[in-house]
Amino acid sequence: MLNLTDLRFFQAVAAAPSLAAAARLLNVTPPAVTQRLAQIEHKLQLKLADRGPTGLRLTAEGGLLAERSATILADLDGLSEELAERRGAIAGALRVVAPFGYGRLKVAPALATFALEHPELAPSLTLTEDPRGAMRTDLWDVLIHVGRLPDLGVVQQKLAPNRRLLCASPSYASRNGLPKTPYDLSEHRIGVVREDQADVTLWSLSNSNGDTKLLRIHPSFESNDGEVIRGWAMRGLGIIERSEWSVYDDLREERLLPVLPDWTLPDADVVALMNPRSVRAARIEAFVSHLKTQLS
């Protein structure tokens with residue numbers, strides 16, 4: 001007979017692309033995952049997953065167990081939460097997914113203060129630049145994203161506005177001057193952040209007159225980490241495009257200067273996506289409300 005620990009274990013295995021990835025998720029060794037999976041298969045006298053060179057693939061029976069166990073665990077968590085609500089408590093697991101930079105600087109502190117206010121809460125924060133990949137695992141309650149997303153079929157709430165800004169250091173400006181029109185950018189060193197699959201070299205700039213310029217940028221330097229690019233810009237490497245939340249203090253204290261201030265890039269608002277399995281949970285609603293207050 002399977003128990004709840006078995007179901008939670010198999011949920012992690014089903015969400016992972018390989019047994020090694022499942023081991024990292026469960027904070028155990030890969031041999032321990034292999035052994036535990038074999039024990040569950042022995043209990044059921046069924047094969048639940050095929051291990052191959054391309055990764056882990058659930059059998060039909062494994063898929064059924066993953067689907068049903070997800071429902072059972074969600075119902076159990078929901079029952080525990082409803083009982084906690086009746087005594088006025090916010091309790092249970094709160095699994096949050098956020099981008100690396102924004103997650104470290106903004107979401108982590110907000111989650112910490114929320115957890116301190118609700119000691120029966122069990123918070124978890126996963127940082128990733130692949131929101132779609134995180135959503136496929138179903139091991140999340142709230143996903144924070146900065147920027148535009150296609151319609152993913154889940155409830156979204158805007159948490160905070162966020163402009164995208166062009167900026168450069170005073171040392172770069174003194175050596176090279178700053179562009180006066182968008183077309184002048186072609187004569188300057190440009191840095192970009194490649195965090196996901198977005199086309200980061202295609203820039204659309206608009207002004208108050210309704211003019212829009214679509215430019216293909218040819219980067220002189222790049223990184224997959226926004227803080228690296230920000231640091232390089234402050235050392236004078238060139239012009240960068242960053243979110244307002246990332247460079248607000250630098251602009252205010254003139255460590256960075258605005259570039260083409262009369263031209264704007266499309267906004268990249270901060271949004272929260274809620275897992276359909278837990279969207280109505282009190283802890284989710286309370287946390288999203290808390291985030292709005294903290295981030296605004």
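Based on protein heavy atoms only, segment 170-213 ends up with 61 Å² per residue of surface accessible to a 1.4 Å probe. Carbon-plus-sulfur accessible fraction, segment 137-296 (probe radius 1.4 Å, protein heavy atoms only): 45%.
One-quarter of the Cα convex hull surface for segment 142-270, in nm²?
On the way: hull surface 33.9 nm².
In nm², the orientation-averaged hull projection of segment 142-270 is 8.5.
A Förster distance of 45 Å, applied to the separation of the beta-carbon atoms of residue 43 and residue 227, puts the FRET efficiency at 0.40. Each label point was placed 7 Å from the Cα along the Cα-to-Cβ direction; for residue 163 and residue 285 their separation is 3.5 nm.
Skip the ligands, DNA and RNA, and give the accessible area per residue of segment 222-296 with a 1.4 Å probe, whole Å². List each step's numbers first, then the result.
Working: 3640 Å² over 75 residues.
Here the per-residue accessible area is 48 Å².
Near the amide H of residue 217, within less than 5 Å, lie the amide hydrogens of 202, 203, all on another chain or at least 5 residues away, with H placed in the peptide plane. Compared with the rule-of-thumb size 2.2 N^0.38 Å for a compact globular protein, the chain has a Cα radius of gyration ratio of 1.21.
For segment 55-124, what is the convex hull (Cα atoms) projected area averaged across all directions, in square nanometres? Display every interim value, and only then the final one.
Details: hull surface 26.2 nm².
Orientation-averaged projected area of the Cα hull: 6.6 nm².
Across the alpha-carbon atoms of segment 41-197, the computed radius of gyration and Dmax are 22.8, 73 angstrom. Measuring nothing but protein heavy atoms, the accessible surface of segment 1-88 at 1.4 Å probe radius is 57 percent carbon and sulfur. Label-to-label distance, residue 89 versus residue 186, with points set 7 angstrom from Cα along the beta-carbon direction: 6.6 nm. In the chain, a dipole from Cβ-located charges (positive for Lys and Arg, negative for Asp and Glu) runs towards its positive end, and of 33, 232, 182 it is 33 whose Cα lies farthest in that direction. What the Cβ-Cβ distance of residue 32 and residue 79 gives, at R0 = 30 Å and to the nearest 0.05, is a FRET efficiency of 0.50.
Evaluate the charge dipole of segment 140-296 about its Cα centre and quote only its size in Debye, nearest 20, assuming +1 on the Cβ of each Lys and Arg and -1 on the Cβ of each Asp and Glu. Each step should come with its number before you reach the end.
Numbers: 19 positive and 21 negative charges, 27 e Å.
That gives a dipole near 120 debye.
Over segment 161-224, with a single point scatterer placed on each C-alpha, what log10 of the ratio I(q)/I(0) does the Debye formula yield at q = 0.13 1/Å? For segment 161-224 at q = 0.13 Å⁻¹, log10 I(q)/I(0) is -0.41. The ratio of the alpha-carbon radius of gyration of segment 1-129 to the globular-protein estimate 2.2 N^0.38 Å is 1.23.
Would you mind getting the Kirkwood hydrodynamic radius of segment 114-183 from its Cα pairs, rounded to one decimal in Å?
Working: mean 1/r = 0.0599 Å⁻¹.
Computed over Cα pairs of segment 114-183, the Kirkwood hydrodynamic radius comes out at 16.7 Å.
Here the dipole of the chain is about 380 debye; that uses its Cα centre as origin and unit charges on the Cβ of Lys and Arg (positive) and Asp and Glu (negative).
Amide H contacts of residue 256 (H built 1.01 Å from N, in plane; Pro and chain starts excluded): 251 sit under 5 Å, all sequence-distant by 5 or more or on other chains. Note on the chain: Lys pairs 8 or more places apart or on different chains, Cα atoms under 21 Å apart, count 4.
Counting only heavy atoms of protein chains, what accessible area per residue, in Å², does segment 1-124 have with a probe of 1.4 Å?
For segment 1-124, the per-residue accessible area is 57 Å².
The values are calculated or read from the model by the stated rules, or taken from the named source; none is laboratory data. Just so we're clear, the structure is a prediction, and the values are computed from it rather than from any experiment. Methodologically, a virtual Cβ is constructed for each residue, glycine included, from the backbone with ideal geometry; neighbour enumeration extends over all protein chains shown. Just so you know, the surface numbers come from the protein's heavy atoms only, side chains and all, with ligands and any DNA or RNA stripped out. Shrake-Rupley method; radii C 1.70, N 1.55, O 1.52, S 1.80 Å.
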